[in-house]
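Below you'll find the structure, written out as structure tokens, and then a few comments.
The values are calculated or read from the model by the stated rules, or taken from the named source; none is laboratory data. Please read these numbers as outputs of a predicted model, since none were measured by experiment. Neighbour counts run over all protein chains shown; Cβ positions are idealised from the backbone, glycine included. Side chains included, ligands, DNA and RNA excluded: accessible areas come from the protein's heavy atoms. Shrake-Rupley method; radii C 1.70, N 1.55, O 1.52, S 1.80 Å.
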Amino acid sequence: LHEWGYSVAFSPDGRRVLSGSSKVVTVWDAVTGDKGIEIPAHTGTVHTVAFLPDGNKVLSGSWDGSLRLWEVASGTELFRIGGGTREYD
């Protein structure tokens, strides 16, 4: 199964890469290419991802109408804007 990536971002230190695809946010090791944590983040395709300047939190935006803040280490959702009810996949 092939997942398309819609958005990518490097961490501030350049050691990790964040990708957004169909409903999932994934953190990758930029040096080894190993897949790290996968966060089932949204009910729609993730079209925007970004690391916060501290490198410990990430934002993800989705076609489901929500913007969410996550802790990288645990995948814990810290904050959400929007209801996440629209679906455009």
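Listed values, structure above:
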{"quantity": "Per-residue HN-Hα couplings for the range 35-40 [Karplus 6.51, -1.76, 1.60; θ = phi - 60°; Hz; x = Gly/Pro]", "calculated": "7, x, 6, 10, 10, x"}
{"quantity": "Probe 1.4 Å, accessible area per residue of the range 18-89, Å²", "calculated": "51 Å²"}
{"quantity": "The chain: radius of gyration and largest Cα-Cα distance (Dmax), Å", "calculated": "12.1, 37"}
{"quantity": "Low-density loop positions, trypsin sites (Lys or Arg not before Pro), the range 7-85 - DSSP coil, at most 15 other Cβ in 10 Å", "calculated": "15"}
{"quantity": "Modelled label reach - residue 71, point 7 Å along Cα→Cβ, the range 23-39 residues with backbone N closer than 14 Å", "calculated": "none"}
{"quantity": "Under 5 Å, built H, 5+ apart or other chain: amide partners of residue 16", "calculated": "11, 30"}
{"quantity": "Heavy-atom SASA rank of 38, 77 (probe 1.4 Å, accessible area, largest first)", "calculated": "38, 77"}
{"quantity": "Per-residue HN-Hα couplings for the range 45-58 [Karplus 6.51, -1.76, 1.60; θ = phi - 60°; Hz; x = Gly/Pro]", "calculated": "4, 7, 10, 9, 9, 7, 7, 6, x, 6, x, 9, 9, 9"}
{"quantity": "Solvent-accessible ranking of 79, 51, largest area first, probe 1.4 Å", "calculated": "79, 51"}
{"quantity": "Carbon plus sulfur fraction of accessible area for the chain, probe 1.4 Å, in percent", "calculated": "57 percent"}
